[in-house]
Amino acid sequence: MAVMSMTGFAQTEGSARAATGADGEAIAWSWSWELRSVNSKGLDLRIRLPHLVDVWETKVRARAQARVTRGSVTINWTIETAAEDSRPELVVNEAFLAEVVALRDRLTAQGVTFSGDLGLDRLLAVRGVVDVRERAADTTVVEAVEGLVFADLDRALDALIDARMNEGARLKDTLLGHLDTIAVLTEQATIAAEAQPAALRQRIQDQLALLLDASPPVPEERMAQELALLATKADVREETDRLTAHVDACRAMLTDGGAIGRKLDFLCQELNREANTLCSKAIDLTLTNIGVELKTAIERFREQIQNVE
């Protein structure tokens, strides 16, 4: 399987002619699907459909969920048609209008004067008197074009998957490059760690001088504990071995592909944990600097895997 990015864009267009149920009038429909995808912790589908076909939302969601497992995906369907039932409908709230008229007449009778003429045109402009809404589509037309519309949705989903795969291929190369950097730095850390015994020896000598000059004298058992602690602190072989193992595991996941984003994120946390421990165990400046570069490379790797499905 390929590595899939969560970033992608796709657009398809279609058209059809159908007959209305009432008078058999031929209606020309044209539409467009637009799909956008960005990274997300899970699958977040945002579906935008006109009111006249909002009954399709469940079917659109099911189709998308069958193809996409992760990402924030916006699915937008727009339509252009000369159909009478697609044009906005003006709805007058007659009860509210009657209340407004009665209020005008009552105030006028009480001697209240108004600037200008409060005719019907101004009364209809009162908020809440007139509402504009989409008409419900003729079910015959909707059913007639549904197959074609959803075929275009499937084509858009195919194109979105292709876009995410192409971006995933580029992302894979970038991630492998970061892993190569981490592997090189891990090898450098292993080599630098071999020079630590000399630095450790000097530190032990300094610690012994302090312990022997202490008053009262430090017991030999305590001295042995201190020396053992220093020796343990200086040994970073376990950290470098784990770093190498995690890098190999990440490479294997990128080779296998699929929905690996969360697994890579977990391994990245483990890489960072080992790098932090290595820095804390570093005795000389060389190993400390390598550890800092290692943490920087791991952070760059982490930033990129946020886009992997």
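Taking amide H as placed 1.01 Å from N in the peptide plane, the amide H of Ile47 sits under 5 Å from that of Ile75, each at least 5 places away or on another chain.
What Kirkwood Rh does segment 256-295 have if only Cα atoms enter the pairwise 1/r average? Answer in Å. Kirkwood radius, segment 256-295: 11.2 Å. For Ser72, the amide hydrogen comes within under 5 Å of the amide hydrogens of Val38, Asn39, Ser40, Asp44, counting only partners 5 or more places away or on other chains and with H modelled in the peptide plane.
Under the simplified labelling scheme, the Thr69-Ala125 pair shows an inter-label distance of 5.9 nm, with each label point 7 Å from Cα along Cα→Cβ. Couplings 3J(HN,Hα) for segment 154-166, derived from phi with the Karplus relation 6.51 cos²θ - 1.76 cosθ + 1.60 (θ = phi - 60°), are 4, 5, 5, 5, 4, 5, 5, 4, 4, 5, 5, 5, 5 Hz, where x marks Gly and Pro.
All of the numbers you see were taken from the coordinates with simple rules; none came from a lab. Small disclaimer: the values here were computed from a predicted structure and weren't measured. FYI the Cβ positions are ideal-geometry reconstructions off the backbone, even for glycines, and counts take in every protein chain you see.
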